[in-house]
Amino acid sequence: MKKIPLGKTDLQTPPIIFGGNVFGWTLDKTDSFKLLDRLLEKGFNFIDTADSYSHWAPGNSGGESETIIGNWMKDRGVREQVTIATKVGSNPGKEGRDVSKKYILEAAEDSLRRLKTDSIDLYFTHWDNENTPVEETLEAYEQLLKQGKIRNIGASNLSPSRIRASMKAADEGLPRYKVLQPEYNLVEREKFEKDYLPLVEEYNFGVTPYFSLASGFLTGKYRKEEDLKGDRKEMVKKYFNEKGLKILKIQDEIAREHGVSNAAVALAWLMKKPGITAPIASATKESHLKAFEEAVDLELSQEEMERFEF
């Protein structure tokens, strides 16, 4: 399948999108600015965030990541050089998800203010509330698109049936989702490949998968449960099984053969998969960005890709 640009022809996609969930949590303002500077210098100019990042950290309420990114773009004067994706619907700190028209219109204004920009390049429905008609959600986006406050829309954690219903509503004149952002990586494949890839092929969606490195498991940093500490423990320990450890072993072999990191292998695998536009990956240190560059230069053979099929 041919990889497609996201949205309008002037919204181009680099090989890897940077995940901004680390800003305002793992990284403070100073370290975030340093990392963003290096990221842009290396040509990775697409940043994905959300209005809920990073509400889970003590003392945060959501919007911290957007605030840091907005302050950085204004301070460096680089808004025109950067593509920004953000999300709505998770309703951070409150009960339940919210994709009502009223909520979206208010949340978009808050995101624009924090990002210090007049327009969001790509606006995702982050989480769904199936009590809200898809038409109502799309009507909110229609208003924002007409006002120029957003440029393209995408869907993240929506069920296949809700995506189909949304595309049917779009056939009646409402805005169309152009991009999917699913969970997809070497250890989490079945849901995307079975339930979402057919939608990608039917509707020609761009695809920007999250958790590309399985919360760090696919970096090879965690080899046994004793390695797990802090916030990632619950997210990563589920991969300590026969399948996960076998994938790590294959990664080790391929990484050694090419002289690259395990993270680069995981990202290169995604970049080569049918339908994938660009994976999302995060980093907390400048040295981690080396894996991005390695992945871009790494061309896995068909035989190497097939080694992961078991």
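Coordinate-derived values only; no laboratory data. No experiment lies behind these values; they were computed from the predicted model shown. Using ideal geometry, Cβ is built from the backbone for each residue, glycine included, and neighbour counts are taken over all protein chains shown.
Here are the numbers for the structure shown:
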{"read-out": "Relative contact order %, the chain, counting alpha carbon pairs below 8 Å whose residues are six or more apart", "value": "18"}
{"read-out": "Kirkwood-Stokes translational diffusion coefficient of region 80-212, alpha-carbon pairs, 37 °C, 0.692 mPa s, µm²/s", "value": "217"}
{"read-out": "Length released on extending from ARG113 to ARG256, taking residue separation times 0.36 nm less the Cα-Cα span", "value": "46.9 nm"}
{"read-out": "Among GLY148, SER161, LEU39 - extreme Cα towards positive end, dipole of the chain, charges at beta-carbon", "value": "LEU39"}
{"read-out": "Interchain or long-range residues, amide H under 5 Å from VAL99's placed H", "value": "ASN129"}
{"read-out": "Extension gain from LYS229 to ASP171, taking 0.36 nm per residue of separation minus the Cα-Cα distance", "value": "16.0 nm"}
{"read-out": "Cα pair distances in the chain, grouped into 10 Å bins until the bin that holds the longest one, percent each", "value": "6, 27, 36, 24, 7, 0"}
{"read-out": "Debye, to nearest 20: dipole size of region 230-309, +1 on Lys, Arg Cβ, -1 on Asp, Glu Cβ", "value": "480"}
{"read-out": "Ellipsoid semi-axes in whole angstrom, largest first, where each is sqrt(5λ) of the Cα gyration tensor of region 27-157", "value": "25, 17, 11"}
{"read-out": "Difference of contour (0.36 nm per residue) and Cα-Cα distance, SER301 to GLU95", "value": "69.5 nm"}
{"read-out": "5 Å binning of all Cα-Cα separations within region 117-187, expressed as whole percents from 0 upward", "value": "3, 17, 28, 25, 15, 7, 3, 1, 0"}
